[in-house]
Amino acid sequence: MFVRTATPDDALEVRRILDAAMLEPGNIENRIDAGDVLVAGDRRGGTSTNESGGAGSERILGTIVLEPRESGAGAHIGAIGVRRRHRGRGIGRALIERALELEGRLTARFDDDVRPFYERLGFSIEPIDEHRNRGVTVTADRT
């Protein structure tokens, strides 16, 4: 599996993943240009060469859109999505872990149905209302 910063060539796949999850993170192209979108996936073997010079091709299976804090204190998770049939394979975890490495602190707002995902990743969670929550996590060296 790989996790990398998205490029403009990834915009369509990022949009497809987020649309399938019914998430609307705003202008994806601008977020990609700002370096605030990560993608994760796998590489299929083969003899062709992809644009980054490696053998085979990449399949983008998940994405995360970050909203940097103006104070420089980490980022907010604007959206995170993984293709439905690839969920439960650690792709969302890999995206969160990479974003946390880059930002040092992450916040999120999410519905009750995905609360277990954030709990497993060590987010401190508090309810916003009866269906929504907010969470925060920081890297171990910044606690």
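Listed values, structure above:
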read-out	value
Degrees between helix 11-20 axis and first principal axis of the chain (Cα, 0 to 90, nearest 10)	50 degrees
222 nm mean residue ellipticity, helices alone, for the chain (DSSP H n ≥ 4; -39,500 (n - 2.57); rounded to 500)	-7000 deg cm²/dmol
Protection proxy ranking of 115-128, 5-18 - average other beta-carbon atoms within 10 Å, highest first	5-18, 115-128
Pairwise label distance in nanometres, Glu67 with Arg89, each label 7 Å out on the Cα-Cβ vector	3.0 nm
Rounded FRET efficiency, nearest 0.05, which uses the C-beta distance separating Thr5 from Arg109 and R0 of 41 Å	0.95
Heavy-atom surface of the chain, accessible at 1.4 Å and reported per residue (Å²)	59 Å²
Residue-span extension gain [Leu12 to Glu126] - 0.36 nm each, minus C-alpha spacing	37.6 nm
Carbon and sulfur %, accessible surface of segment 1-140 computed with the full protein complex present, 1.4 Å	45 percent
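The values are calculated or read from the model by the stated rules, or taken from the named source; none is laboratory data. Note that the structure is a prediction, hence the values are computed from the model and not measured. Cβ: placed from backbone, ideal geometry, glycine included. Neighbour counts: every protein chain shown. Ligands, DNA and RNA are excluded from the accessible area calculation, which covers all protein heavy atoms including side chains. Shrake-Rupley method; radii C 1.70, N 1.55, O 1.52, S 1.80 Å.
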